[in-house]
Each structure stands twice: as C-alpha cells, then as structure tokens.
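Undergrad: If you scroll down you'll find the structure; I have some questions about it.
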Amino acid sequence: METIFFKGTPCHTYGNIPAVGTKAPAFNLVTKSLEEIQLSDYDGKRVILNIFPSLDTPVCAASVRRFNEEAVRLENTAVICVSMDLPFAQSRFCTAEGIDKLEVASAFRSPVFAQNYGLKIVDGPLAGLLARAVIVLDEKHDIIFSDLVEEITNEPDYKGALSVLK
C-alpha cells in the first residue's frame, strides 16, 4: 500500500507501484474507439504510461496535453494515457483538445490493471479512481522509470520520464 495525498489529506492505494528494473504487468485497456489494447500490442516499442484520476481535472488534462506535445519527438515510443474515464469522455476530450499524437485508454473494464500497477485509490474522496503516476517501459517492457506523484494535485515529473528515453 502506498500513501498519497489529495490536497494534503492522506489516501492509500491498493498495493505498490511496480519498481524500476521489474517487468511491467500485462494489461488490457479500452481505447476511445472501444477497442481493446494489451501491453503485447507494443512489443518492441518503448511505452510511456501516463496514469491519472480523470480527464475532468485541470492537472490530468494538462499532463495529457504535455505528453501529446512530447510524443512527436519520441522515436519508437507509444504514449498511453490511462484513467477510469469512460471511452466516450476520453474521445470528447481528445476531439475538443486536438489530442492526436498519443492514445487514451480506459481501465474501467480492467480492475486488474489498477491492482497489478498498485494504483487504485482505496480511500478518500477519489476512492475507486487511479492515482497519478508515470511509468516508462523499454522495448522489452522492463520498467526504466516509475514515479508515483505524492500529491495528486501536482503534475508528474515530465523531465525525469522523458530523460530515460534519450
């Protein structure tokens, strides 16, 4: 269990975020077009998982915009933004914001994702949503960067996540 904070109030996650040097757990997520994707779909590619509570918050939206800008500069790298938002909401957000360089995916059908990645918030006002984290995988899906953001209202460490890919 990890302790994170929402506006200074402690919250907890189910389990622990995977550590650098370990294999990324397999996952099944649903895209904004209702297609299922799996980690194995990205074999041979580097992957940035930008994970957050909801696109309906300014910080989450900002992280998606930022990674959308960065995605065009990254070779052989897929950026997947993961939340519990329904695919319909993700699609509306991407259309309204011009997000087209990355994938958004929902974990709403996949409680195993939240558990295996240790990011399901289990108490506090955001219980049931995902904690804010960035996890970067190499081509073999080994974790090369893992950052659980301690205060949910803060943005992730973009510089740290992107630096491991250079």
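Undergrad: Looking at F5 and the list (1) under 15 Å from R132 (Cβ atoms); (2) surrounded by 17 or more Cβ atoms within 10 Å (Cβ to Cβ), which single condition is not satisfied?
TA: (2)
Undergrad: Scan the stretch 25-44 for residues that are at positive phi and open to solvent by less than 70 Å² (accessible area, probe 1.4 Å) and jot them down.
TA: Matches in the stretch 25-44: G44 only.
Undergrad: Then there's this: Show the residue pairs meeting these rules: Cβ distance below 9 Å; 6+ apart or different chains; first residue within the stretch 61-76 and of a type in the set (V, I, T); second residue part of a loop (DSSP other than H, G, I, E, B) and open to solvent by less than 30 Å² (accessible area, probe 1.4 Å).
TA: Filtered contacts from the stretch 61-76: V64/F52; V64/L55; V64/I99; V64/L102.
Undergrad: Moving on. Test of understanding: among E69, E75, E97, which residue is closer than 21 Å to D142 by Cα and of a type in the set (D, E)?
TA: Checking each option against the conditions leaves just E75.
Undergrad: Residues being within 16 Å of A71 (Cβ to Cβ), in contact (Cβ under 8 Å) with a residue 24 or more places away in the chain and part of a loop (DSSP other than H, G, I, E, B): count how many of those fall in the stretch 112-166.
TA: Of the residues in that region, 3 qualify.
Undergrad: Would you confirm whether any residue within the stretch 83-90 is part of a loop (DSSP other than H, G, I, E, B), farther than 26 Å from H12 by Cα, modelled with pLDDT of 95 or more and open to solvent by less than 60 Å² (accessible area, probe 1.4 Å)?
TA: No, the conditions are met nowhere in the stretch 83-90.
Undergrad: Identify, from the list T22, T57, the residue that is more than 14 Å from A114 (Cβ to Cβ), open to solvent by 10 Å² or more (accessible area, probe 1.4 Å), of a type in the set (V, I, T) and touching a residue at least 60 places away in the same chain (Cβ under 8 Å).
TA: Criteria check complete, one pass: T22.
The values are calculated or read from the model by the stated rules, or taken from the named source; none is laboratory data. Quick caveat, the model's predicted, so the values are computed rather than measured. Counting neighbours? That spans all protein chains shown, and the Cβs are built from the backbone with ideal geometry, glycine included. In case anyone asks, the SASA skips ligands and DNA or RNA and just uses the protein heavy atoms, side chains included. Shrake-Rupley method; radii C 1.70, N 1.55, O 1.52, S 1.80 Å.
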